[in-house]
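The block underneath contains the structure these notes are about, expressed in structure tokens.
The values are calculated or read from the model by the stated rules, or taken from the named source; none is laboratory data. Because the structure is a prediction, the values reported are computed rather than measured. We place every Cβ from the backbone using ideal geometry, glycine too, and count neighbours over all the protein chains shown. Each accessible area value is taken on the protein alone, full model and side chains, heavy atoms only, with ligands, DNA and RNA left out. Shrake-Rupley method; radii C 1.70, N 1.55, O 1.52, S 1.80 Å.
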Amino acid sequence: MANSIYEVILAIEKARPRAVAVLTGAGVSAESGIPTFRGAGGLWEGLRPEELATPSAFERNPLQIWRWYEWRRNLIRAALPNEAHRALAALARISAVQLTLITQNVDGLHGRAGSDDVVELHGNLFRARCVREGTVVPAEEAFALLPPRCGCGSLLRPDVVWFGEALDPQHLEIAADAVAGAELLLVVGTSGVVQPAAGLVSLFRGSLSVEVNPVASAISPLLNFALELPAAQALPLLVHAISRGLK
Ligand code: OAD
């Protein structure tokens, strides 16, 4: 059952957490106008992300996959970070707080809101990687020609993690240590169905974990509190509660 924001604010103020881990998913960017993967608006030309974000889909049709990514990159470039991204950037500036911000998002909006050292588990859409050499290059602007190619002539691919690919073990270790050592865990805007990111939640050992999601997710039962609110509404209040508790 969902909790009230007042209950959660009181619990946070009482616990005065300093070590905070935050795991975000596509829902944190929903109010910036970026469609989530699952749910209404999550499809692209009738295809699901699991059919597009795979190495085999790219091998079969790199042009189609790049068209999907260019569509998303354009959308994100034109979008702005919202109050949830900004609240999390403000949380990092509270000197008594040790924050680890972990995201499954590849949109870079946490960084644009002012968050440094974001653990981007699934990579970033504004970098590309040569499929042959592995060289990573910045790719802020739209490509003039699709699919784009590296100077060596091979295809470039988005520098993101696709289904069936492994996450950077260093990122995973930082994320796992942060969740295991946190006094407060916030899980924001994720359906909790994609591993290993979703599994991080089960590493939490504390008693103050809060889900922010307008609907219950696959991992809701693992969390102590559920706030059925949009992220941009809840996060500023939660960050304020952390700050007030530490005063
Ligand atoms: P999903 O699209 O699976 O889930 C988004 C979640 O956000 C849903 O549970 C929504 O209810 C919730 N949501 C929607 N609007 C919200 C709002 N305003 N505030 C808070 N929550 C809101 O996205 P992810 O869980 O992030 O992976 O998906 C995980 C991974 O699957 C992605 O990183 C991507 C995808 O395929 C790769 O690309 C490897």
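Calculate the dipole size of the stretch 126-234 relative to its Cα centre from +1 charges on Lys and Arg beta carbons and -1 charges on Asp and Glu beta carbons; express the result in debye to the nearest 20. Show your work: numbers first, answer last.
On the way: 6 positive and 11 negative charges, 65 e Å.
Charge dipole, the stretch 126-234, about its Cα centre: 320 debye, nearest 20.
Which of the chymotrypsin sites (Phe, Trp or Tyr not before Pro) found in the stretch 146-247 are in a DSSP loop and have at most 16 neighbouring Cβ atoms, other than their own, within 10 Å?
Loop-located and lightly packed - PHE163.
Give me the dipole magnitude in Debye, nearest 20, for the stretch 1-84 about the Cα centre, with unit charges on the beta carbon: positive for Lys and Arg, negative for Asp and Glu.
About 200 debye.
Stick to Cα atoms and the Kirkwood definition of Rh, then tell me Rg/Rh for the stretch 64-133. Intermediate values should be presented prior to the final figure.
Numbers: Rg = 14.1 Å, Rh = 13.4 Å.
With Rh from the inverse mean 1/r over Cα pairs, Rg/Rh is 1.05.
How many Å² of accessible area per residue for the chain, probe 1.4 Å? Numbers along the way, then the final one.
Working: 11590 Å² over 247 residues.
Averaged over the residues of the chain, the accessible area is 47 Å².
Please find, in a Gaussian network model of the chain (springs between Cα atoms separated by less than 10 Å), the residue of VAL97, VAL210, VAL28 whose mean-square fluctuation is greatest.
Fluctuation is largest for VAL97.
Which trypsin sites (Lys or Arg not before Pro) does the stretch 1-109 hold that lie in a coil by DSSP with at most 13 other beta carbons within 10 Å?
ARG93
Between LEU167 and SER95, what is the FRET efficiency for a Förster distance of 25 Å, r being their Cβ-Cβ separation, to the nearest 0.05?
Result of the calculation: an efficiency of 0.25.
Can you tell me which of VAL187, VAL106, VAL118 moves the most in a GNM of the chain? Springs connect C-alpha atoms under 10 Å apart.
VAL118
Could you state the number of Å between the C-alpha centres of the stretch 178-216 and the stretch 68-82?
26 Å
Got the relative contact order for the stretch 123-247 handy, in percent, Cα pairs under 8 Å and 6 or more residues apart?
16 percent
Counting each DSSP H run of 4 or more residues in the chain as -39500 (n - 2.57), what helix-only mean residue ellipticity at 222 nm follows after dividing by all residues, to the nearest 500 deg cm²/dmol? Numbers along the way, then the final one.
Numbers: 8 runs with 80 residues, N = 247.
When only DSSP H runs of four or more count, the value is -9500 deg cm²/dmol.
Could you pull out the chymotrypsin sites (Phe, Trp or Tyr not before Pro) across the stretch 4-79 that fall in loop regions by DSSP (anything but H, G, I, E, B) with no more than 10 other Cβ atoms inside 10 Å?
Nothing satisfies the criteria.
Hey, got the dipole for the chain? About the Cα centre, +1 on K and R Cβ, -1 on D and E Cβ, debye to the nearest 20?
Its charge dipole is roughly 280 debye.
Using a Gaussian network model of the chain whose springs link C-alpha atoms within less than 10 Å, name the residue from LEU186, LEU167, LEU222 with the highest mean-square fluctuation.
LEU222
Average the reciprocal distances over every distinct pair of alpha-carbons in the stretch 1-148, invert the result, and give the Kirkwood radius in Å.
On the way: mean 1/r = 0.0576 Å⁻¹.
After inverting the mean inverse Cα-Cα distance, the result is 17.4 Å.
For the chain, give the percent of accessible area contributed by carbon and sulfur heavy atoms, probe 1.4 Å, rounded to a whole number. Mind dumping the intermediate values first?
On the way: 6340 of 11590 Å².
Carbon and sulfur atoms account for 55 percent of the accessible area of the chain.
Rounded to the nearest whole Å³, what is the per residue volume of the convex hull around the Cα atoms of the chain?
116 Å³
Taking every DSSP beta bridge with both residues inside the chain, roughly what % is antiparallel (nearest 5)? Can you show the working numbers first?
On the way: 9 of 29 bridges.
That works out to approximately 30 percent antiparallel.
With a cut-off of 8 Å between alpha carbons and a minimum separation of six or more residues, what is the relative contact order of the chain in percent? Display every interim value, and only then the final one.
Values: 444 pairs, mean separation 70.6, N = 247.
Reported relative contact order: 29 percent.
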